[in-house]
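Nothing in this text is a laboratory measurement; each read-out follows from the coordinates by a stated rule. As the structure is a computational prediction, the values presented were derived from the model and not from experiment. As a convention, Cβ positions derive from the backbone with ideal geometry for all residues, glycine included, and neighbour counts pool all protein chains shown.
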Amino acid sequence: MIRGFEDKIDIKSLTFLELQELIKDMGEPAFRARQLYEWMHQKQVKSLDEMTNIPKSLKEKILDKCTFTHLEAVEIMESKLDETKKFLFALQDGNIIESVFMKYHFGVSVCISSQVGCRMRCRFCASTIDGVERSLLPSEMLEQIYAISRITGQKVSRVVVMGSGEPLDNYENLLTFIHLLSSDKGMNLGQRNITVSTCGIVPKILALADEDLSINLAISLHASNDEKRKELMPIANTYSMAELLSACRTYFDKTHRQLTFEYSLVSGVNDTLDDANELSHVLEGLNAVVNLIPVNPIKERSFRPTDRRGALEFKNKLEKRRINVTIRREMGRDIDGACGQLRRRALERKRAL
């Protein structure tokens, strides 16, 4: 069983079977596990006090052995350009993380963090500048979704694990999170509505291919060759593009799930038509979509986004080679919408005190 703070059992990170085992060990009737699970993952309550049909004696046993994770929003920013909202959440150990609420025609999508910070050191990302503090528990990933739903009153229809952190660097907790989120006894979000993004940890991609999941996998590629990828993403010094793309093919062969390749367009770095041509050769034969993203400027780096015309030319070049391409709709740029920007600004304010 996953343990949280003070070495207590993190009850909101337990699967239904683990919760049944815990309730049995407490000498309580089996139906209490179903009641507790529904309160936590269907009704998404903030505390045991809200559980009106759970006896006080059981609540006392739970508080003695377990922690009950919930997140408090310490800052909420709302875009004036669209309905995007950015949330800064305080964790129970004093760390802070961020999440994003985005409204689309199909419903509400929430982008969550998987770690406090990130160790991957991608040069265009604010999340990684201060390194990683720790990985998030499954309950802390879930609570980002639950808290946003409570605060906005909106039902979440899609979840993207693409915020701060590298999800596959928090592999076991990520798997538990996915199973909890998609459980028919809980929120029951279909796995096809869950997307996990990775910078390309090859052994974990291969492991994920064997997990019998139907989630969407997004690969942060951002370059058309090893040399340029190494300039942008240190992970490329460990796993070559050939190794990464081989793992992607294995993933597709085993899961039959279409892959998405994220490609941040950085002006003068990876956005030439030669880059587009090379990228089309690299991805030839893969059942994939390329998602072009004009890079979000951050003050710690000199990178600037490719302009609209350049992005369209890059897109057209790929499409002529029969590559499926989209250009990501920019959401919440006026509220530090890119990964890690709001958290980093909060940390800077704290250090200035």
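Here are a few candidate values for volume of the Cα convex hull per residue in Å³: [x] 140; [y] 157; [z] 179. Which one was actually calculated from the structure I just gave you?
Recomputing volume of the Cα convex hull per residue in Å³ here picks out [x].
For segment 176-186, take each phi angle, set θ = phi - 60°, evaluate the Karplus expression 6.51 cos²θ - 1.76 cosθ + 1.60, and give the result in whole Hz per residue in order, putting x for glycine and proline.
Using θ = phi - 60°, the values come out as 4, 4, 4, 5, 5, 5, 9, 5, 6, 8, x Hz.
List the residues, sorted by chain then number, that are 5 or more residues from Gly117 or on another chain and whose placed amide H is less than 5 Å from its amide H.
Residues meeting the amide H criterion: Glu133.
What distance in nm separates the two pseudo spin-label positions at Leu63 and Thr326, each 7 Å out from Cα along the beta-carbon direction?
4.6 nm
If amide H atoms are built 1.01 Å from N in the plane of the peptide, which residues on other chains or at least 5 residues away come under 5 Å of the amide H of Arg3?
Under 5 Å from the amide H of Arg3 lie the amide H atoms of Asp10, each far enough along the sequence or on another chain.
What nm value, rounded to one decimal, do you get for the distance between Arg121 and Asp210 when each label is placed 7 Å out toward the C-beta?
Simple spin-label model gives 3.0 nm for this pair.
Packing-wise, with mean Cβ within 10 Å as the measure, how do 195-202, 76-83, 172-179 rank, highest first? If you can, show how the numbers build up before the last one.
Details: 195-202: 22.1, 76-83: 14.8, 172-179: 19.6.
Peptide ranking by packing, descending: 195-202, 172-179, 76-83.
Please identify, among Ser127, Ser220, Ser113, the residue showing maximal mean-square fluctuation in a Gaussian network model of the chain using a 10 angstrom Cα cutoff.
Fluctuation is largest for Ser220.
Given a Förster distance of 35 angstrom, what is the FRET efficiency for Ser302 paired with Met1, based on the Cβ-Cβ distance and rounded to 0.05?
Approximately 0.15, to the nearest 0.05.
Would you order Val159, Val45 from fewest to most other beta-carbon atoms within 10 Å of each residue's own beta-carbon?
By the 10 Å Cβ count, ascending: Val45, Val159.
Please arrange Ile9, Ile205 by counting, for each residue, the other beta carbons lying within 10 Å of its beta carbon, fewest first.
If I rank by nearby Cβ atoms, fewest first, I get Ile9, Ile205.
Can you tell me the order of 309-319, 129-139 when each peptide is scored by its average per-residue count of other Cβ atoms within 10 angstrom, highest first?
129-139, 309-319
For segment 114-251, what relative contact order do you get, as a whole percent, if you take Cα pairs closer than 8 Å and at least 6 residues apart? Numbers along the way, then the final one.
Values: 205 pairs, mean separation 32.2, N = 138.
Reported relative contact order: 23 percent.
Measure nothing but the geometry: give the 0 to 90° angle between the long axis through the Cα atoms of 273-282 and the longest principal axis through the Cα atoms of the chain, rounded to 10°.
In the chain, helix 273-282 runs at an angle near 60 degrees to the longest axis.
Only helical DSSP H runs with n ≥ 4 go in: add -39500 (n - 2.57) per run for the chain, normalise by residue count and round the 222 nm mean residue ellipticity to 500 deg cm²/dmol.
Details: 11 runs with 123 residues, N = 353.
That comes out to -10500 deg cm²/dmol.
For the chain, modelled as a GNM with alpha-carbon contacts under 10 angstrom, which of Ile327, Ile148, Ile194 fluctuates the most?
Greatest mean-square fluctuation among the candidates belongs to Ile327.
Percent antiparallel among DSSP beta bridges with both residues in segment 72-352, to the nearest 5?
Numbers: 21 of 48 bridges.
Roughly 45 percent of the beta bridges in segment 72-352 run antiparallel, per DSSP.
For segment 8-166, what's the relative contact order in percent, using C-alpha pairs closer than 8 Å and at least 6 residues apart?
It rounds to 20 percent for segment 8-166.
If you take the charge dipole of the chain about its Cα centre, with +1 on Lys and Arg Cβ and -1 on Asp and Glu Cβ, which of Leu137, Val45, Ala33 is farthest toward its positive end?
The one lying farthest along the dipole's positive direction is Val45.
Between Gln258 and Asp93, what is the spin-label point distance in nm, taking each point 7 Å from the Cα along the Cα→C-beta axis?
Between Gln258 and Asp93, the label points sit 3.9 nm apart.
Pairs of Cα atoms under 8 Å, at least six residues apart: use those to get the relative contact order of the chain, whole percent.
Relative contact order, the chain: 15 percent.
Highest GNM mean-square fluctuation, the chain, Cα pairs closer than 10 Å: which of Thr152, Thr260, Thr250?
It is Thr152.
Tell me, what is the FRET efficiency for Lys80 and Ile151 to the nearest 0.05, using R0 = 22 angstrom and their Cβ-Cβ distance as r?
Efficiency, rounded to the nearest 0.05: 0.70.
Per residue of segment 187-192, what does 6.51 cos²θ - 1.76 cosθ + 1.60 with θ = phi - 60° give for ³J(HN,Hα)? Whole Hz please, x for Gly and Pro, Karplus curve as stated.
Per-residue couplings from phi come out as 5, 6, 7, x, 4, 5 Hz.
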